[in-house]
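Please treat every number below as a calculation from the coordinates, not as lab data. Note that the coordinates shown come from a computational prediction; the quantities given were computed from them, not determined experimentally. Neighbour counts run over all protein chains shown; Cβ positions are idealised from the backbone, glycine included.
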Amino acid sequence: MIGAILGDMIGAPYEFDRGNKTKEFSLFSRESKFTDDTVMTVAVAEALMDSLGKSDEEIRTALIASMRKWGRRYPYAGYGGMFHRWLNAGDPKPYGSFGNGSAMRVSSAGWLCDTLEETRHIARLTAEVTHNHPEGIKGAEAAASAIFLARTGYGKKEIKAYIQKEFGYDLSRTCDEIRPDYFHIETCQKTVPEAITAFMEGTDFEDVIRTAVSLGGDCDTLTCIAGGIAEAFYGIPAEIEAEGKKRLPKDMLEVVERFQTLGDTVPDVRITPELFEDGSFLKKAIEICNRNQTIQNMVKLAKILRDSLVWIPCNAIMSDADYEAWSKLVLVAKDDPNSVKGKTLTSKDSIRLVPDILQNGDDFFFPVFTSAEEMGEYGEHFSKVQKHFLEAANLARNNEKKVKGIVINAFSEPFVVPVEMFDAIEKMESSMRDHGGSV
């Protein structure tokens, strides 16, 4: 949800085509302030946190009450005319809008729901309390669906195919094709496809934000929608998130932080080999478990470890004969460096790679890392070997040091898997076959 809020703040200074349609601009300035997009994003999130799991009517009631409460608390945030009247009406009713307000406030639905079907249903409810036109509902469902798919392991091609198939949006144009003739228009039809296209072309969170702003138009809302999806797909750099939070009032920040805690669960994802290629998904799951060590999160992490690859730092050990030959060469080189120029030392025996062991007090731990880069300077002293986690567990179990467990990412976000958990993880069935097929 914070990704949507950041998009709103960063896009706000350039709304109404006040930018020069470029990606080169200061990410934050004195004019980077929240607008109605953030107020309603917070309002919807609070309502859903308080009512999810209840009846549709109870959810609608909670949405209306929360949106009116927050709208009245921040009455000058930039609401449209019809919505402003709805905020102050004695008996508020939906007014057939297809404005992009339904899509900009819906991001929490993409995070709080457990299935795509539930995501779409809840997104519909958030829209139809005001924007009950089919296009207004479609915009909310599309934005929330993209977030759900992004956070549960689907790739950009799959997300694009689903949005085109289910909602009929034209995502064939590039941002370079959109940009020249794009202008300020506040409909879902002319905002949601452009926001999704900006997400598709962006290479990381910040690049998605810059790409969305560069399109111009109603770019606080467009970037709000794109930022919500980008957060789910890429995550957010800590320094950008911190800067955005500094610009929120205390009451909004409390809702955001409550939401982040409540939504701090390891996602149920479609397990594929690609999910484990660069180690980023495992790293993200570990970070979540460190913040929120619930039984549910721990079970999900164990299932992920069952199919994960990890990197092991190893010492290269020569045989005694090869070490003796190497030592003699070093002695010769010390006395007469020129005598060894051009010479090649060929080992007679295989070099053994022995995993390094870390010690903490009297306890020993077997270190593994989600990526080779995660080792940092420590890794410069070792050979790096990629193994399946189950192989690493076997090496740790049989290590002569009698390790207490495996420590993952020991120097950044350490997480210890005790030896006692190894058998349980090994006995789990692979999840690779559980989530096959397309969206």
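What FRET efficiency comes out for the pair residue 29/residue 207, r = Cβ-Cβ distance, R0 = 22 Å, nearest 0.05? That pair, residue 29 with residue 207, gives E of 0.75. Label-to-label distance for residue 381 and residue 413 is 2.6 nm, based on points extended 7 Å past Cα in the beta-carbon direction.
Each of 220, 251 has some number of other Cβ atoms within 10 Å of its Cβ, and from fewest to most they run 251, 220. Note on residue 189 and residue 58: with the Förster distance fixed at 22 Å, the Cβ-Cβ geometry gives a FRET efficiency of about 0.10. Rounded to the nearest 500, the helix-only mean residue ellipticity at 222 nm of the chain stands at -15500 deg cm²/dmol, with each DSSP H run of n ≥ 4 adding -39,500 (n - 2.57). Straight-line cross-link reach from residue 157 at under 18 Å between alpha-carbon atoms covers these lysines, not counting any fewer than eight positions away in the same chain: 165.
Model label sites at residue 84 and residue 294, defined 7 Å from Cα along the beta-carbon direction, differ in position by 4.1 nm. Counting only lysines at least 8 places from residue 69 when in the same chain, those with an alpha carbon closer than 28 Å to its own are 33, 54, 93, 138, 245, 246, 250. Between the helical axis of 192-201 and the longest alpha-carbon principal axis of the chain there is an angle of about 20 degrees. Near residue 385, the amide H atoms lying under 5 Å from its own belong to 312, 314; only residues 5 or more places off or on other chains count, and H is placed 1.01 Å from N. Remark: 417, 192 ranked as 417, 192, counting other beta-carbon atoms within 10 Å and listing the fewest first. Taking a straight Cα-Cα cut-off under 17 Å and skipping sequence neighbours fewer than 8 places away in the same chain, the aspartates and glutamates within cross-link reach of residue 387 are 274, 277, 278, 307, 356, 373, 374, 426. Subtracting the Cα-Cα distance of residue 357 and residue 254 from 0.36 nm times their residue separation leaves 32.9 nm of extension gain. Full extension of the chain segment joining residue 372 with residue 68 gains 104.4 nm, where the gain is 0.36 nm per residue of separation less the Cα-Cα distance.
Projecting the Cα atoms of 149, 421, 396 onto the dipole axis of the chain, where Lys and Arg carry +1 and Asp and Glu carry -1 at the beta carbon, places 149 farthest toward the positive end. Annotation for residue 164 and residue 262: the two label points, set 7 Å from Cα along the Cα-Cβ direction, are 3.6 nm apart. The length gained by stretching the chain between residue 398 and residue 247 to full extension, at 0.36 nm per residue less their Cα-Cα distance, is 49.1 nm. For the peptides 183-191, 271-279, the ranking by packing is 183-191, 271-279, with the highest mean count of neighbouring Cβ atoms within 10 Å listed first.
With Cα Rg over 2.2 N^0.38 Å in mind, check (i) 0.92; (ii) 1.00; (iii) 1.20 and report the label derived from this structure. Read-out from the structure maps to (iii).
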